[in-house]
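Any read-out appearing in this document is the output of simple, stated calculations on the displayed coordinates, not a laboratory observation. Owing to the predicted nature of the structure, the values given are computational and were not obtained by experimental measurement. Here Cβ is always computed from backbone atoms with ideal geometry, including for glycine, and neighbour counts include all displayed protein chains.
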Amino acid sequence: YERQDQRLPKQRLLVVANRLPVSAVRQGKDSWQLEISVGGLVSALLGLKEFDARWIGWAGVNVPDEIGQEALTKALAEKKCIPVFLDEDTVHQYYNGYCNNIIWPLFHYLGLPQEDRLSTTRSFQSQFDAYKKANQMFADVVHEHYEEGDVVWCHDYHLMFLPRCLKEKNSNIKVGWFLHTPFPSSEIHRMLPSRRDLLESVLAADLVGFHTYDYARHFVSACTRILGLEGTPEGVENQGKLTRVAAFPIGIDSDRFIRALELPQVQDHIKELKERFAGRKVMLGVDRLDMIKGIPQKILAFEEFLEENPEWRDKVVLLQIAVPTRTDVPEYQKLSSQVHEIVGRINGRFGTLTAVPIHHLDRSLDFHALCALYAVTDVALITSLRDGMNLVSYEFVACQASKKGVLILSEFAGAAQSLGAGALLVNPWNIAEVAASISQALNMPADEREKMHQHNFMHVTTHTSQEWAATFVSELNDTIIEAQLRTRQ
Ligand code: G6P
């Protein structure tokens, strides 16, 4: 989609996601400090020069008073962000409950929580009600800011109800919805008590996008098997209305990482890390501390590798960055203690007075420190049990132009479909196989590493986040034009 006439105003894009790309910290009654977080979506949209984009989302904080809300709304407006205010109980039931304790594990093939299955269906139902209520609150804010001709792009599993809420009030709104997680096999999706509601609501969108072709196919099968609708090569047909369904694999802003490596502060970090780990190979894991990332399995595989390869014991170190996330959800709290316990045991077993085999950090690193870490890594270990895409693998590749290290990648990450030929693919549940891959990666000859790296580097630098966003929005515009032409015929 190209604007032929540069004098025309840019098309407005309303990006709706659960979380705004800003963290807000209250300074006083009516003042807020904002910090922008540059994730994949933000950098993708910064690259969309032909659109005038603004964000709608939850600010991530509870602001019960009107003065605070007004002040935050004003501060966010400068960043082109519009807040949705959710009260504490809604956050608890919608975000901690339905989103992160129900949909998230189910979509990653980890099942439904036992207590919801066994005890009352009431708790499930009240979480689902809160989910619908929260989605309606997002819709109300969108309607308030919508102008004719705007494109509304809804993101992720938190907002599966949003397309329906938007279209119910205004059927002319152009709505796209994109899922950042896997969409599971229809056999898994059908376990959800609200399986029909969610599918029907998503189908209200004009264009529905997924990271991989498999996820798109699973969604279409769920619509045919659970709703009895017709799947076509273009998408799903429902009473004469076609919802386009397609794969749009996301990428990263690779230039941002490549440029960062030239900065003096990053070079200094690189020098320090090289000195710190001189004589040892560096293996790296960077994950949110989430069940889907397979962190315990990864650490156990590293233990098995050390057990079977004693000659490597003081020659390799695993740096695991585990960024805390969703800490109010009990499953995440349990995981944190489990990981600490395993790391402690292995360090006790293989550590010496001067060195330990695993450095485990419970926090995020700033962007520059992260780039330096990627650059000095010999082997990246990404063992997600399921992962929509996994952009850590892309970030690692972008920073490896000189080192040409090895990527060990779970076959259950969406990224395996794009970087598979340049990685050692593993089944993360198979601890022995992951241990053997660690050995293969550490012993891999330079020419083989170089070949694999080139394949990945080419992919990561050409399939960027900007290209992803531009393709989705232009496809959404085309879909709507085609639908209009069809109804005129
Ligand atoms: C995944 C989801 C995102 C989410 C992110 C961080 O990548 O797809 O929508 O924002 O995790 O999780 P959080 O719950 O902290 O927003």
(Q) Give me the extension gain from residue 482 to residue 421: residue separation times 0.36 nm, minus the current Cα-Cα distance, reported in nm with one decimal. (A) 18.3 nm
Q. Which cross-chain or sequence-distant (5 or more) residues have an amide H under 5 Å from the amide H of residue 294, H modelled 1.01 Å from N in plane?
A. 385
Q.
If I model a spin label at residue 66 and residue 92 as a point 7 Å from the Cα along the Cα→Cβ vector, what separation in nanometres do I get?
A. 2.6
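Please compute the net charge surrounding residue 196, taking Lys and Arg as +1 and Asp and Glu as -1 over other residues with Cβ under 14 Å from its Cβ.
The answer is +3.
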Q: For helix 330-350, report the angle its Cα long axis makes with the longest principal axis of the Cα atoms of the chain; keep it between 0 and 90° and round to the nearest 10°.
A: 10
Q: Take every DSSP beta bridge with both residues inside the chain and express the antiparallel ones as a percent of the total, to the nearest 5.
A: 20
(Q) Can you compute the charge dipole magnitude of the range 14-114 about its Cα centre, using +1 on each Lys and Arg Cβ and -1 on each Asp and Glu Cβ, nothing else charged? Give it in debye, rounded to the nearest 20. (A) 340
Q: Answer rounded, prolate or oblate for the range 1-110, using the Cα gyration tensor with square roots of eigenvalues a ≥ b ≥ c: rounded when a/c is under 1.5, else prolate when a/b is larger than b/c, else oblate.
A: oblate
Q.
Quick check: the angle from helix 295-308's long axis to the longest principal axis of the chain, C-alpha only, nearest 10 degrees?
A. 20
**Q.** Cα gyration tensor shape for the range 253-306, rounded if a/c is under 1.5, else prolate or oblate
**A.** oblate
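Would you mind ranking 194, 384, 37 so that the residue whose beta carbon has the fewest other beta carbons within 10 Å leads the list?
So the ranking, lowest neighbour count to highest, is 37, 194, 384.
Ranking 312, 55, 104 by Cβ neighbours within 10 Å, fewest first, what do you get?
In increasing order of surrounding Cβ atoms, one gets 312, 104, 55.
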Q: Please report 389, 458 as a ranked list, fewest other C-beta atoms within 10 angstrom at the top and most at the bottom.
A: 458, 389
Q: Calculate for the chain the 222 nm mean residue ellipticity that helices alone would give, adding -39,500 (n - 2.57) per DSSP H run of length 4 or more and normalising by residue count, nearest 500 deg cm²/dmol.
A: -13500 deg cm²/dmol
(Q) With the cut-off at 22 Å, tell me which of the pairs 49/167; 80/132; 133/334; 281/451; 74/167 have Cα atoms farther apart than that. (A) 49/167; 80/132; 133/334; 74/167
Q | Protection-proxy order for peptides 350-359, 289-298, 463-472, each taking the mean of Cβ atoms within 10 Å per residue, highest first | A | 289-298, 463-472, 350-359
Q. For the Cα atoms of the chain, what angle does the longest principal axis make with the long axis of helix 367-376, in degrees from 0 to 90, nearest 10?
A. 40
Q | From phi via Karplus (6.51, -1.76, 1.60), per-residue ³J(HN,Hα) for the range 126-135 in Hz, x at Gly/Pro | A | 6, 5, 5, 4, 5, 4, 5, 4, 5, 4
Q) What aspartates and glutamates could a cross-link reach from residue 79, if we take a straight Cα to Cα line under 12 Å and drop same-chain neighbours fewer than 8 places away? A) 35
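About the Cα centre of the chain, how large is the charge dipole given +1 on each Lys and Arg Cβ and -1 on each Asp and Glu Cβ? Please answer in debye to the nearest 20.
It comes to approximately 140 debye.
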**Q.** Stretchable slack from residue 440 to residue 246, in nm (0.36 nm times residue separation minus alpha-carbon distance)
**A.** 66.2 nm
Q: Would you mind checking the radius of gyration and Dmax of the chain based on alpha-carbon positions, in Å?
A: 23.2, 79
Q.
Taking just the alpha carbons, could you work out the radius of gyration and Dmax for the range 324-446, both in angstroms?
A. 15.5, 45
Q. What residues qualify as long-range amide H neighbours of residue 11, i.e. H under 5 Å apart, gap of 5 or more or another chain, H built at 1.01 Å from N?
A. 52
Q: Starting from the Cα of residue 271, step 7 Å along the direction of its Cβ; do the same at residue 30; then give the gap between the two resulting points in nm.
A: 5.0
